Amino acid sequence: MANRENSTIEITPEVLLKAYACGIFPMAESADDPALYWIEPDMRGIIPLEGFHLPARLARTVRASPFTVWVDRDFDAVIDGCAEAKPDRARTWINGRIRKIYRSLFEHGHCHTVGVYDGATLVGGLYGVSLGRAFFGESMFHRARDASKIALVHLIARLRAGGYRLLDTQYVTDHLKTFGAVEVGKRRYHRLLEDALIGEADFGALALDRPLSGAEALACLR
């Protein structure tokens, strides 16, 4: 379900967090369209944090640590990566208003990024919103093989270490199914969300001032 919101209305961080707490989130139709839609899917994608599936080959790649993984290092670069056109996606839903809104959330400590680097070059990553003990994944990207998957593994490690209860992926894709993502109905989702909004999780339970090694991330998934 989608409702188009008047493009002249300012969405503040407070309004956006209240929307997430109600189970809705904004999207734009394209990068050139200044209007936003409020979205509340009838079926919601989640990855159960205790049911996260880590393929054996990916676990070996994560342990080998071919890349360096930083958290909250370069918000704008991660957003740029998520907004890039892809062979199967010529247009992006990340417009100027989305960038501004989520940057404001980032500055308020409610939006986080995971960036995967090959030397000094950003090759993959993701970003999402943290509220209570819920994390709402927004978008991810890769420019090198396995880079976005490695970002997801590191995200799951942080969420489990920080006491999170819910990882919302909005929708379920074939890609996310390989990690244990499932769909839940609206009523079930709201029960999960209500529970996850009680209390506070700690995204910084693992070090934020240095990159986390693959071995450290895997240790949180055991």
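Packing-based ranking of 202-214, 147-159, 94-106, 128-140 yields 147-159, 128-140, 94-106, 202-214, ordered from highest to lowest mean Cβ neighbour count within 10 Å.
Within the range 53-170, the proportion of C-alpha pairs whose separation exceeds 16 Å stands at 60%. The value obtained for the range 88-143, namely the Cα convex hull volume divided by the number of residues, is 108 Å³ per residue. Distance between the pseudo-spin-label points of Met43 and Glu183 (7 Å out from Cα toward the beta carbon): 0.1 nm. Dipole magnitude for the chain: about 700 debye, using +1 per Lys or Arg Cβ and -1 per Asp or Glu Cβ, origin at the Cα centre.
Surface composition of the chain: carbon and sulfur atoms hold 52% of the protein heavy-atom accessible area at a 1.4 Å probe.
Summarising the strand pairing of the chain, around 90 percent of its internal DSSP beta bridges are antiparallel. Pairs of Lys residues in the chain that lie 8 or more places apart, or on two chains, and have C-alpha atoms under 25 angstrom apart add up to 7.
A simple count of charges around Leu221, restricted to other residues whose Cβ falls under 14 Å of its Cβ and scoring Lys, Arg +1 and Asp, Glu -1, yields +4.
Amide H contacts of Gly180 (H built 1.01 Å from N, in plane; Pro and chain starts excluded): His53 sit under 5 Å, all sequence-distant by 5 or more or on other chains.
Evaluating 6.51 cos²θ - 1.76 cosθ + 1.60 at θ = phi - 60° for every residue in the range 73-81, the Karplus couplings come out as 8, 8, 4, 4, 5, 5, 4, 4, x Hz, glycine and proline recorded as x. Spatial offset of the range 147-217 relative to the range 53-76 amounts to 14 Å, using the alpha carbon center of each.
Projecting label points 7 angstrom from Cα along Cα→Cβ for Ala64 and Leu208 puts them 3.3 nm apart. Per residue, the accessible area of the chain comes to 47 Å², computed with a 1.4 Å probe over protein heavy atoms only.
Each helix, a run of at least 4 DSSP H residues, gives -39500 (n - 2.57); summed and divided by the residues of the chain, these come to -9500 deg cm²/dmol at 222 nm. Only one item in [x] 45, 37, 27; [y] 53, 46, 37; [z] 48, 36, 32 matches Cα extents along the principal axes in Å derived from the coordinates shown, and that item is [z].
Give the shape of the range 154-219 as rounded, prolate or oblate, defined through the alpha-carbon gyration tensor: a ≥ b ≥ c are the square roots of its eigenvalues, a/c under 1.5 means rounded, and otherwise the shape is prolate if a/b is larger than b/c and oblate if not. Verdict is oblate for the range 154-219.
The values are calculated or read from the model by the stated rules, or taken from the named source; none is laboratory data. Because the structure is predicted, anything quoted here is derived from the model rather than measured. No Cβ is skipped: glycine too gets one built from the backbone with ideal geometry, and neighbour counts run over all protein chains shown. Note: areas computed on protein heavy atoms with side chains; ligands, DNA, RNA excluded. Shrake-Rupley method; radii C 1.70, N 1.55, O 1.52, S 1.80 Å.
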